[in-house]
Amino acid sequence: LVKLSPGSINELDYFAPSDYATLNASDLDFGSAGPTLLPGTGLIIQGGKEGKLYLLNTNSLGHESAGDVQIPQVFQAVDPTIRPGGSHHIHNASPVWNAPSGLNVYVWGENDFVHAYQLNPSTQTLNTTPLATGSILPPQGMPGGMMTISASGAQSGTGIVWATVPRNGDANQSTVPGNLYAFNAENLNLLWSSTGTGDDLLNFSKGSAPVVANGKVYAGSLSKFVHV
């Protein structure tokens, strides 16, 4: 993870996991999910193919150190016990929401359910026990959930996690059908899905998160459609 100056694009700071060589050799690279800034803090999160979430200080990313003890936190955010034989990559940048109860971070890795983790304001670290867990387990394979958040500020009852996932099959190197889901962002209860008549998302667009604007949600498809 590299911090660059906005004008000259010079490197200002960086972080690399201490076991980066092993991760690279095992195709478990650190950079499979994009970074997300945590609003109202000096923190940033980054997920990788181990299913771990790294919490970093934007003012001092930490470079490299044995055991990664120089950063605020790293923990297993994707549960490897759900499908022990499968991969547990995080491919989607983790969206965040300032919910009424606190700052939530959402993670949906491969072969697992979606989880919400809450920032502890006292320790400025994430509680490693999920605040909430969803009920939808995607088919075995890649890439997990592609997510975005819509809400009216921090108003209770308005937060929605929108996510697209494969309906069946592994989307790693194949075109497979997909679904769009809407979850209550406070408890991850399922609100709606595209499984109803007339709502078919058709072919899943891997790596393409839904977009919410002007009271509508837009989901791209490899079937050459944008669904609204």
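The values are calculated or read from the model by the stated rules, or taken from the named source; none is laboratory data. This one's a predicted model, so the numbers in the text were calculated from it and none came from an experiment. All Cβ positions, glycine included, derive from the backbone under ideal geometry; neighbour counts span all protein chains shown. Surface accessibility is based on the protein's heavy atoms, side chains included, excluding ligands, DNA and RNA. Shrake-Rupley method; radii C 1.70, N 1.55, O 1.52, S 1.80 Å.
Structural remarks
- Nearest-0.05 FRET efficiency for Asp199 and Asn120, computed from C-beta distance (R0 45 Å): 0.70
- Cross-link table Lys3/Lys216; Lys3/Lys49; Lys3/Lys52, entries beyond 26 Å C-alpha to C-alpha: Lys3/Lys216
- Relative to the Cα centre, the charge distribution of the chain, modelled as +1 at Lys and Arg Cβ and -1 at Asp and Glu Cβ, gives a dipole magnitude of about 520 debye.
- Taking a ≥ b ≥ c as the square roots of the eigenvalues of the alpha-carbon gyration tensor, the range 50-165 is classed oblate because a/c is 1.5 or more while a/b is no larger than b/c.
- Extension gain, Glu11 back to Phe225 (0.36 nm per residue minus Cα-Cα distance, nm): 73.1 nm
- 222 nm mean residue ellipticity, helices alone, for the chain (DSSP H n ≥ 4; -39,500 (n - 2.57); rounded to 500): -500 deg cm²/dmol
- Of (i) 60; (ii) 56; (iii) 63, the label for percent of Cα pairs over 21 Å apart derived from the coordinates: (ii)
- Spin-label zone in the range 96-117 - amide nitrogen under 19 Å from a point set 7 Å from the Cα of Leu37 along the C-beta vector: 96-99, 103-106
- Accessible surface of Glu50, taken over heavy atoms with a 1.4 Å probe and every protein chain present, rounds to 50 Å².
- Computed lengthening from Ala25 to Ser135, 0.36 nm per intervening residue step minus Cα-Cα distance: 36.2 nm
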